[in-house]
Structure formats: C-alpha cells, structure tokens
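This report concerns only the one structure given below.
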Amino acid sequence: MDKRDRADLFRKRLSEAMTHTGTTRSALSRATQVDRSTIGQLLKDDQPRLPNAQLAADVAVALRVSTDWLLGLTNRPETPGDIVAAALSLSPAERTSADAQLLAWHHEAAGYKVRHVPATLPDILKTKRILEWEYASVADQRLPAAFDAMHDQLEWLSSGVSDYEIAIPLHEIEACAAGTAYYKGVDESIRYEQLNFIADQCDQMFPRLRIFLFDAHHVFSSPVTIFGPNLAVVYVGQCYLAFRELERVKSLSGHFDWLVREAVVDARNVATHIRSMMKE
C-alpha cells in the first residue's frame, strides 16, 4: 500500500475507533502521553501522516484495537489475543440438553443448516421414556428440564426455521435395537418406541430432517455440531470446544460432508432400514 494511502486509512480508522469508544482528542493525548496537537495532526484529512511505532502501539492499546488494523494490515479490529479467544472458546457442557448455551447456539443458527453428530442418539429425537432411563440417577433435578428442552427443540425443528442433518454411527442404531452396549438393560418396549419415533420423524420431516447412517469401521467422528457457517462445536464430555474461525468451521463442515458421502444408509432409506432392523 502506498504510504499516503496507508496514512489516510490510519486516519479513518483512528477516527472510527475514537467515535466507537467515545474517546476525545484530549483523552487520547493523555492516554498516549503526547500533545493534543499530535493527535490532531494524525486526524487531519488534508495532510494525513503516520505515527511512529511507539505512538501507533499506544493508540491501539488506548482504543482497544490492534495496531495491524489501524495500519491496514488486517480488517479485524480486535487484538490478536481477542481474535484467538473468539475463534476458540471453552464452554461447560451440562449433562442435560437443556443446557442454556446449547439452546442459544441453536437459536443463533436460525435460518442456517444445522449438522450434528451425536454422542449417542440425537437428544432432539429422544422419547420421554428413554430420557427417564438415561437420567434415572438425577431425574428429580434434570429430567423435567431435559424433556422440555427436547420438546422445544423438536418444535423448533418442525417449524422449518432451519434444516437439520444428523449423521449417526450404524452401530448406535443396532445397539439400541438389540439392547446391547450403551442400551444394555433397557426394556425392549422402550428401545423399540425410541427407534419407531426416529423412523416416524424421518418420514414426517424429510427433507427438512435428514439422517445418515455411517459405518464406524470405515469412518469415524467425534460428537460435533455445526451451526451454520459461523460456528462449530465439538463435544468432549465435560465441555464444548467452540470454533468461530471461518477456516476451522469450513474444515468441520467438510468432515461432515465426508460422513454423508460415506454413509451406508442414505437419508431417504433410514426409516425403512430402522423398521426392518427391528423386525429382524
């Protein structure tokens, strides 16, 4: 960039940052320990000038922006530390799907496609009886909230606000049907009610709701949810890793695309597949 163009951009961004923070010339001169006339010279539009490195850094600190942004080296005004913090954050993960943060992320994604790989069966499609079994040890504290949250999310999905794609390992459906692994000890009527409910929702809400079954012997995924183009969340047990940096979100979206391409049961056939599995 030409020096004069950079100086003009610095002047515009300096003025923008001062306006945004409500900082006067006098206040900025005191914060940077320079004469008020020096700040005035930086803001003159007929003869824009660039500050020295020390003053540029002091101005950036005082206005809580990055020096790179003031100098036109980036279009992100946040400091590098703030950019990193915004790009990757750690949020506590409640056991219940009523977790306020999770619900907020769903509403943030209104109008965008939500893509989800659950840790077990998707919470949004769980029946009351399967939730009662899952929350048996903490039913009094969390079950009502979990069931209400699931019901609200299902209504939200039914309203057509967002499309929802879910990729589930085939062995999760098989284990639920057979009463093995995670579902060992669950009464058959509860398991079959659950699977029938998922099959019914697939029939009723396709293509707004699309479920794909993949073979975990060939492809693998950690639990992850991609809330539109701006947020992806990886579930690690006691917390969520939330990514907001564009390239990371695109990478996780590409990962979900891979799961869909490698699915052994396509969304059009999931309901039929589940029902035939229960008959067998």
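Observations
- Charge context of Tyr182, other residues only, Cβ under 12 angstrom, K/R +1, D/E -1: -1
- Comparing mean-square fluctuations of Thr180, Thr225, Thr127 from a GNM of the chain with C-alpha springs under 10 Å, the top value falls on Thr180.
- Taken over the chain, lysine pairs spaced eight or more positions apart, or on distinct chains, with alpha carbons under 24 Å apart number 10.
- Using θ = phi - 60° and Karplus 6.51 cos²θ - 1.76 cosθ + 1.60, couplings along the stretch 267-277 (whole Hz; Gly, Pro as x): 4, 5, 10, 5, 4, 4, 4, 5, 5, 5, 5
- Calculated log₁₀ intensity ratio I(q)/I(0) where the Debye formula runs over C-alpha points of the stretch 3-77, q = 0.13, 0.18 Å⁻¹: -0.30, -0.60
- A viscosity of 1.306 mPa s and a temperature of 10 °C, combined with the Kirkwood radius over C-alpha pairs in the Stokes-Einstein formula, give the stretch 88-279 a diffusion coefficient of 94 µm²/s.
- Rounded if a/c under 1.5, otherwise prolate or oblate - the stretch 140-230, Cα gyration tensor axes: oblate
- Over the stretch 187-273, volume per residue of the alpha carbon convex hull, in Å³: 127
- The helix-only estimate of mean residue ellipticity at 222 nm for the chain, built from DSSP H runs of length n ≥ 4 each weighted as -39500 (n - 2.57), is -16000 deg cm²/dmol after division by the residue total.
- Full-stretch length increase - Phe206, His151 - with 0.36 nm per residue and alpha-carbon distance subtracted: 18.0 nm
Just so you know, all these numbers are worked out from the coordinates, no wet-lab data involved. From a predicted model like this one, the values you see are computed outputs, not experimental measurements. Quick reminder, even Gly has a Cβ in these numbers, built from the backbone with ideal geometry, and neighbours come from all protein chains shown.
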